[in-house]
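Okay, so here's the structure we're looking at.
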Amino acid sequence: MAAYLVRRLLQMIPLVFGISVIVFLVLVMAPGDPVDLLLAGNPKVRAEDIQALRKIYGLDDPLHVRYVKWLWNALQGDFGYSRTYKVPVLELVWDRVANSMWLTLPSFLLALAVAIPVGVTSALRQYSALDYAATFFTFFGVSIPAFWFGIMMIYLFAVVLRVLPPGGFATPGVPPGWPALMDRLRYVILPVVVLALLQMAALTRYTRSSMLEVIRQDYVRTARAKGLPEGVVIGKHALRNALIPIVTILALGIPSLFAGAPLTETVFAWPGIGRLIVESVGGGDYATAQVALLFLAVLVLVFNLLADLAYALLDPRIRYD
Amino acid sequence: MAGRLSTETNAAAAQAAAGPARTWATGQSYWQLAWRRLRRHRLAMAGGGVVLVLMVASALSPWIAPYPPTHIDLANRMSPPSGRHPLGTDELGHDVLTRLLYAGRVSLTVGFSAALASALLGTVVGLVSGFYGGWLDNVLMRFVDIMLSIPDLPILIILARYFGGSLLGIVLVITVFGWMGTARLVRGEVLQLKNTDFVEAARALGASPGRIMFRHLIPNALAPVIVAATLAVGSAILTEAALSYLGFGIQPPTPSWGNMLQNAQDFIWRTPLLAFWPGLMIFLTVLAFNFFGDGLRDALDPRLRTG
């Protein structure tokens, strides 16, 4: 197991390197380099100034030189400055990731808390009214546009009922500490519910089909046959086995939680990593986009590994050597 | 589609092709039976009906829309529903009903084209991967794994920023992340079919790889591809709407349901209905495709019925 872990971690290094090359090339090939964007609409700029600026930014160097420069600086912890925010990119990205956590973590837990019991019950009472209702609900969940659902929630709770803020991050002027936390919670509720609903739909479906498969297994029948109470059969024999594939799906889903957040974060004007990607790509802030995307890529790799490890830990039939 | 069995030279070999052969006795083809099963599926028929209405309405929009798509009624901006504007007007004075109809054309075109392109690309990759196997299969399937594990939205945003302005561009961008499911599906089918007796028989008779692929493998792997493509229309429409909402997709003045929502949120205090209609259209359309696709899955492959 340890050897496997080390090997997987070592394999990650060339992967991260490869991804950084791809992200770099994609962003470099974008129409309009930083200097164009910097000077756009400024009539006083002369051609010589543009040349000078391009030289300062190193935009005249060949691609591989530019990449090696970026990599060299990155390896020393210098990921450059954000053109839009005028702060070091790394600081900015960490800041935004922390903000995103406010949404991703609670929504993830909320989705779990609803989807697993609903999925299990749905499977245990297949073709019951509850099962049909749950199936219907999952259809709604996968068909509804997240951003529209968000806008409708804003309309209901902020415009009509006036109980929650229509978006944003914090009310200005609230003293730090306990009041600030309570204030933050009010902003968190709507986006968390929207994000959770989207995950819930797919998760309920997975739980249901995984459970359906397991309760038909011989070992579940054996457990029943030897007279175990139904609660033990379901909770101990069936559910624990049904959850194995779900853990994998969850681990693989966490990166997309961050990546799928651009829509929800845009609707609710939440300054998270998803919103940062939209802004930096849209505004030509490539140094930021590069690091934000690289962060997501690393997240994917790490959680892929965690999914594999969790699988081996939970299912003794699976071994890595 | 008809005669997919009549070309078979070997009757015994035809029997091996599970589903279709058994229907021979009743004189009904596989597709007729599938249609009968589909007709009994109420949600699927409702979904199909909604899709049909949307397609007709979009196709006829130049004739049934009250105004031309870029017509601006400056005197009546952000007006509530009225006789002149059944669903009101937006902040520029566009008639909302007109914009919804024309946007439907864009969304359906993008949805169908992207689904079709994804199905084609996925079928080719899956076919090659399953048929030739070996290192090629390995390389292609690892690539599929990688593509599936990439969180697609950020990459789509970047791609859409470069290529997304046009209809063709957005279709291509959505296709980039749309083909992997079909590829896996087709590969799986091909791996199973490759070793059936009728394919063996065809090979023994000296059929070329091309003939085996087009005559025997593709027709028999078609049903799941059709189901996947139907469901893909819905998700392509959602993706287009999301990109357009973020400002990277279809650009105004061309209306799309996504870009109609882009500004609507700013006016939610004054004219909330402006944000309601386009989203409702997206929701209904995607839901309809999902219901239809789900029913289609049950109808085309009763063995797969998951309940």
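Structure notes:
- Think of chain A as having a plus end and a minus end, set by charges on the Cβ of Lys, Arg, Asp and Glu; of A:Val68, A:Gly167, A:Val281, A:Gly167 sits farthest toward the positive end of this dipole.
- Residue of B:Thr109, B:Thr175, B:Thr271 that the Gaussian network model of chain B assigns the largest fluctuation, springs spanning Cα pairs under 10 Å: B:Thr271
- Going by neighbour counts of Cβ atoms within 10 Å, the residues B:Ile146, A:Ile19 line up, fewest first, as B:Ile146, A:Ile19.
- A quarter of the convex hull surface defined by the alpha-carbon atoms of the stretch A:180-321 gives 12.3 nm² as the mean projection.
- Shape of the protein assembly as shown, Cα gyration tensor, a/c cut at 1.5: rounded
- In the stretch A:42-173 the Cα-Cα distances spread across 5 Å bins starting at 0 as 2, 7, 8, 11, 12, 10, 9, 9, 9, 8, 7, 4, 2, 2, 1, 0 percent of all pairs.
- Label point at B:Asn76 placed 7 Å out along Cα→Cβ; residues across the stretch B:100-115 whose backbone nitrogen lies under 20 Å: B:100-103
- Estimated purely from DSSP H runs of n ≥ 4, each contributing -39500 (n - 2.57), the mean residue ellipticity at 222 nm for chain A is -24000 deg cm²/dmol once divided by its residues.
- The ranking of A:Phe258, A:Phe157 from fewest to most other beta carbons within 10 Å of each one's beta carbon is A:Phe157, A:Phe258.
- The count of lysine pairs in the protein assembly as shown whose Cα atoms are under 29 Å apart, excluding pairs fewer than 8 places apart on the same chain, comes to 6.
- Theoretical FRET efficiency, 1/(1+(r/R0)^6), r = Cβ-Cβ of A:Leu105 and A:Leu161, R0 25 Å, to 0.05: 0.45
- Among B:Leu148, B:Leu120, B:Leu296, residue whose mean-square fluctuation peaks in a GNM of chain B (springs only between Cα atoms under 10 Å): B:Leu148
- Amide H contacts under 5 Å for A:Tyr81, placed H, 5+ residues apart: A:Val89
- Dimensionless Rg over Rh [chain B; C-alpha; Kirkwood]: 1.07
- Take every Cα pair under 8 Å whose residues are at least 6 apart in sequence, average their separation, divide by the length of chain B, and the relative contact order is 25 percent.
- The residue list B:Gln28, B:Ile218, A:Val23 was ranked by how far each Cα lies along the charge dipole of the protein assembly as shown toward its positive end, using unit charges on Cβ atoms, and B:Gln28 comes out on top.
- If you take the Cα centroid of the stretch A:149-172 and the Cα centroid of the stretch B:59-83, the two points sit 30 Å apart.
- Placing +1 on each Lys and Arg Cβ and -1 on each Asp and Glu Cβ, with no other charges, gives the protein assembly as shown a dipole about its Cα centre of roughly 1560 debye.
- About its Cα centre, the stretch B:135-258 has a charge dipole of approximately 220 debye under the convention of +1 per Lys or Arg Cβ and -1 per Asp or Glu Cβ, with nothing else charged.
- Leading residue at positive end of dipole, chain A (Cβ point charges), from A:Trp148, A:Ala123, A:Ser209: A:Ala123
- Take every pair of alpha-carbon atoms less than 8 Å apart whose residues are at least six positions apart; their mean separation over the length of the stretch B:45-135 yields a relative contact order of 23 percent.
- Cα-centre dipole for the stretch A:60-189 with unit charges at Cβ (Lys and Arg positive, Asp and Glu negative), debye to 20: 220 debye
- Per-selection Kirkwood Rh - the stretch B:223-307 (Cα, Å, 1 d.p.): 14.2 Å
- The stretch A:262-278 and the stretch A:185-249 have their alpha-carbon centroids 31 Å apart.
- From least to most packed, judged by other beta carbons within 10 angstrom and beginning with the fewest, B:Leu43, A:Leu257 follow the order B:Leu43, A:Leu257.
- Axis of helix B:218-246 versus longest Cα principal axis of chain B: the two differ by about 20°, to the nearest ten degrees.
- Compared with the dominant principal axis of the Cα atoms in chain A, helix A:63-75 is inclined by about 60°.
- Inverse mean reciprocal Cα-Cα distance (Kirkwood Rh) of the stretch A:133-219, Å: 15.4 Å
- The stretch A:118-166 - percent relative contact order, Cα under 8 Å, separation 6 or more: 19 percent
- Rg [Å, one decimal], Dmax [Å, integer] - chain A, C-alpha atoms: 24.4, 88
Rule-based calculations on the coordinates, nothing more; no lab input. Note that the coordinates shown come from a computational prediction; the quantities given were computed from them, not determined experimentally. Virtual Cβ from ideal backbone geometry, glycine too; neighbours counted across all protein chains shown.
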